[in-house]
């Protein structure tokens with residue numbers, strides 16, 4: 001089965017928070033990267049932004065939406081971009097987009113997006129206020 005082409009797309013929104021390379025160990029039997037691996041990268045990238053905003057420790061409490069737009073091939077550069085959508089008293093809701101450049105590095109495309117919610121916690125694992 002032929003892979004869909006990686007089309008030119010508008011630029012990503014948000015701040016680049018994580019960049020990595022998709023590897024063969026992270027594939028399903030059809031040679032595409034597992035969605036769970038992508039979610040892990042998104043969670044890591046979102047946590048980096050949330051920790052900056054919270055000025056300390058955070059934990060993931062929800063993934064409120066997730067859209068997988070196209071498969072990710074082995075060898076693609078995977079970039080996670082995060083945008084804070086809402087900062088509450090103890091929580092931070094973020095939009096995380098995943099963009100790839102294919103192994104040929106000629107095209108840039110959005111492959112996944114999702115909303116992740118993090119909560120600021122103290123050293124005892126209890127919620128704490130996010131500094132204003």
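The values are calculated or read from the model by the stated rules, or taken from the named source; none is laboratory data. Just so it is clear, the model here is predicted, and its values are computed rather than measured. Don't worry about glycine lacking a Cβ; one is built from the backbone with ideal geometry, like all the others, and counts go over all protein chains shown.
Considering only residues of the stretch 52-89 that are assigned to a helix (DSSP H, G or I) and touching a residue at least 24 places away in the same chain (Cβ under 8 Å), which is surrounded by the fewest Cβ atoms within 10 Å (Cβ to Cβ)?
If we take residues in the stretch 52-89 being assigned to a helix (DSSP H, G or I) and touching a residue at least 24 places away in the same chain (Cβ under 8 Å), then 53 is surrounded by the fewest Cβ atoms within 10 Å (Cβ to Cβ).
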(request) Identify all residues within the stretch 78-122 that are at pLDDT below 95 and more than 12 Å from residue 12 (Cβ to Cβ); write none if there are none. (result) 102, 103, 104, 105, 106, 107
(request) Sort out which residues of the stretch 1-29 are at pLDDT 90 or above and in a loop (DSSP other than H, G, I, E, B), and write them in order of number. (result) 12, 13, 14, 22, 23, 28, 29
(message) Here's a check for you: in the stretch 116-132, which residue that is in a strand (DSSP E or B) and surrounded by 17 or more Cβ atoms within 10 Å (Cβ to Cβ) is farthest from the chain's Cα centre (by Cα)?
(response) 121
